[in-house]
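Student: Can you keep this structure in mind? I'll have questions shortly.
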Amino acid sequence: MKGRSDRNRGQKIVEREFLDIFVKAYNNSKSINVSINDSTIIESERPDFIAKKNNGLDIGIELVQIVRPPEIEFVDRVFRNREYMDIYNAIELVMHHIEEKENKRQDSDWQLQNSNILVLQLIDCPIHLLYLDDLKNISDKSGFREIFLADCTMLEEYNEVELFCLAPTEMWGYQYRINPSKKPYFH
């Protein structure tokens, strides 16, 4: 992308690194029938990336981080001895970001409006702590083809994420890997 600032270039590098990890988890899931061809991924802006699935379908991939503001994280860790984000705040942020991204997805400059995957990166709240039934009907309110929670809390240790599909409803639930004997899965 021409004329991009150093900060934006750095952000795109970080996003691409995460995308590679997500695509690996996505493609190794037992319930995903059509994988993403990682050699076709290109940078975009709205959505963040565009790729092809192995069936030839063009797909947009939008990433968003679910994370506490630094000042709240500091207070939580130092004064409240809380390692993770409050689960109610996490659910609220997930719902907020889905709604926000859905509104942006409907803008005329958004590419592949009806063929997008939304990936919500849980930076400091493990999936297994959330009341996921609170998000059960989220797919009814969204035009995203697929919506995933990606648990990034073990990313540093294992360089992998755990995926939970929120939409479509027929894929609802944990996306178990083909080789589940490897960490970090806890179920």
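Student: Could you please let me know if residue 142 is without any contact (Cβ under 8 Å) to a residue 24 or more places away in the chain and closer than 27 Å to residue 51 by Cα? Walk me through it before giving the result.
Tutor: Numbers: without any contact (Cβ under 8 Å) to a residue 24 or more places away in the chain: no; closer than 27 Å to residue 51 by Cα: yes.
When the stated conditions are applied, residue 142 does not pass them.
Student: Pull up the stretch 146-166, narrow it to residues that are touching a Lys or Arg at 6+ places or on another chain (Cβ under 8 Å) and within 15 Å of residue 20 (Cα to Cα), then point me to the one that is surrounded by the fewest Cβ atoms within 10 Å (Cβ to Cβ).
Tutor: Checking each candidate, the answer is 158.
Student: Within the stretch 1-11, restricting attention to residues that are assigned to a loop (DSSP other than H, G, I, E, B) and out of contact with any strand residue (DSSP E or B) (no Cβ under 9 Å at 6 or more places or on another chain), which residue is surrounded by the most Cβ atoms within 10 Å (Cβ to Cβ)?
Tutor: 4
Student: Related question: Looking at the structure I just gave you, is residue 14 out of contact with any Phe, Trp or Tyr (no Cβ under 8 Å at 6 or more places or on another chain) and more than 20 Å from residue 54 (Cβ to Cβ)?
Tutor: yes
Student: When you check residue 14 against the structure, is it of a type in the set (A, V, I, L, M), more than 13 Å from the chain's Cα centre (by Cα) and not in a helix (DSSP H, G or I), yes or no?
Tutor: no
Student: Then there is this: With the requirement that a residue be in a strand (DSSP E or B) and among the charged types (D, E, K, R), what does the stretch 146-174 give you?
Tutor: Selection gives 146, 151, 162.
Student: Let me ask another. Output yes when any residue across the stretch 104-123 is of a type in the set (Gly, Ala, Ser) and touching a Lys or Arg at 6+ places or on another chain (Cβ under 6 Å), and no when none is.
Tutor: So far as the stretch 104-123 goes, yes, one or more of its residues are of a type in the set (Gly, Ala, Ser) and touching a Lys or Arg at 6+ places or on another chain (Cβ under 6 Å).
Student: Same structure, new question: Of all residues in the stretch 130-145, count the ones that are assigned to a helix (DSSP H, G or I) and exposed (fewer than 15 other Cβ atoms within 10 Å of the Cβ).
Tutor: 4
Student: Restricting the search to the stretch 17-52, which residues are under 20 Å from residue 148 (Cβ atoms), over 14 Å from the mean Cα position of the chain (by Cα) and among the hydroxyl-bearing types (Ser, Thr, Tyr)?
Tutor: Residues satisfying the conditions are 29, 31, 35, 40, 44.
Student: Any residue in the stretch 78-104 that's without any contact (Cβ under 8 Å) to a residue 12 or more places away in the chain: show its pairings with residues that are of a type in the set (Val, Ile, Thr) and in a helix (DSSP H, G or I) at Cβ separation under 9 Å, as long as the two are six or more apart or on different chains.
Tutor: Once the first residue is without any contact (Cβ under 8 Å) to a residue 12 or more places away in the chain and sits in the stretch 78-104, its partners that are of a type in the set (Val, Ile, Thr) and in a helix (DSSP H, G or I) give 82/75.
Student: Has the stretch 52-66 got at least one residue that is touching a residue at least 24 places away in the same chain (Cβ under 8 Å), under 24 Å from residue 138 (Cα atoms) and among the acidic types (Asp, Glu)?
Tutor: Yes.
Student: Out of the stretch 4-42, which residues are without any contact (Cβ under 8 Å) to a residue 60 or more places away in the chain and among the charged types (D, E, K, R)?
Tutor: Scanning the stretch 4-42 gives 4, 6, 7, 9, 12, 15, 16, 17, 20, 38.
Student: Run residue 115 past the list (1) over 20 Å from residue 83 (Cα atoms); (2) among the hydroxyl-bearing types (Ser, Thr, Tyr); (3) in contact with a Cys (Cβ under 9 Å, 6 or more places away or on another chain) and report the number of the one that doesn't hold.
Tutor: Every listed condition holds for residue 115 apart from (3).
Quick note: the coordinates plus some simple rules give every number you see, no bench work behind them. Just so it is clear, the model here is predicted, and its values are computed rather than measured. Cβ: placed from backbone, ideal geometry, glycine included. Neighbour counts: every protein chain shown.
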